[in-house]
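Take a look at the structure below.
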Amino acid sequence: MGRRSRKRYRRPIVRRVRPLPKVFRCPACGHNTLHITMKEYVDEEGYTKKRAEIRCTNPECGLRAYMEDLPPIYEPVDVYAKFIDAYEEGTIEVEFQPMVTEEGEGEGE
């Protein structure tokens, strides 16, 4: 006489959700130093919009840009993708504010 067969238990497949990045690659200097800060505001018509500040923390680059009238569902990843497209096309105003001072450059001479 044999044993009673048991029902086989299968473990559920757990898929890990990767977290969205918080630091991005700067298109000007190529370092992973681009930070995006977002703020919500209400426009004249009463709609909620977002405003983003994009800045590179590399002291030699200092890239800064601003984007406004973004949908409220946008995350920093979406803003980065839109910024890269606008940067490549040249349709966004970008200013460079390097943090390197000229005093420290000539010390070795």
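No lab work stands behind these numbers, since they all come straight from the coordinates. Given the structure is predicted, the values throughout are model-derived calculations rather than measurements. Cβ: placed from backbone, ideal geometry, glycine included. Neighbour counts: every protein chain shown.
Return yes when Arg10 is without any contact (Cβ under 8 Å) to a residue 24 or more places away in the chain and within 13 Å of the chain's Cα centre (by Cα) and no when it is not.
On the way: without any contact (Cβ under 8 Å) to a residue 24 or more places away in the chain: yes; within 13 Å of the chain's Cα centre (by Cα): no.
Criteria not met by Arg10.
Failed condition for Arg4, given (1) of a type in the set (Lys, Arg); (2) surrounded by fewer than 16 Cβ atoms within 10 Å (Cβ to Cβ); (3) not in a loop (DSSP other than H, G, I, E, B), with all others met?
Here Arg4 meets the rest and fails (3).
Just one of Gly30, Gly62 is free of Cβ contacts under 8 Å to residues at least 24 places away in the same chain and either among the β-branched types (Val, Ile, Thr) or out of contact with any Gly (no Cβ under 6 Å at 6 or more places or on another chain) (or both); which is it?
Values: Gly62 fails: free of Cβ contacts under 8 Å to residues at least 24 places away in the same chain.
Exactly one of Gly30, Gly62 is free of Cβ contacts under 8 Å to residues at least 24 places away in the same chain and either among the β-branched types (Val, Ile, Thr) or out of contact with any Gly (no Cβ under 6 Å at 6 or more places or on another chain) (or both), namely Gly30.
May I ask you to list the residues in segment 19-33 that are part of a loop (DSSP other than H, G, I, E, B) and not charged (D, E, K, R)?
Correct list: Pro19, Leu20, Pro21, Cys26, Pro27, Ala28, Cys29, Gly30, His31, Asn32, Thr33.
Could you run through segment 58-94 and say how many residues are in a loop (DSSP other than H, G, I, E, B), surrounded by 12 or more Cβ atoms within 10 Å (Cβ to Cβ) and of a type in the set (Ser, Thr, Tyr)?
Selection size over segment 58-94: 1.
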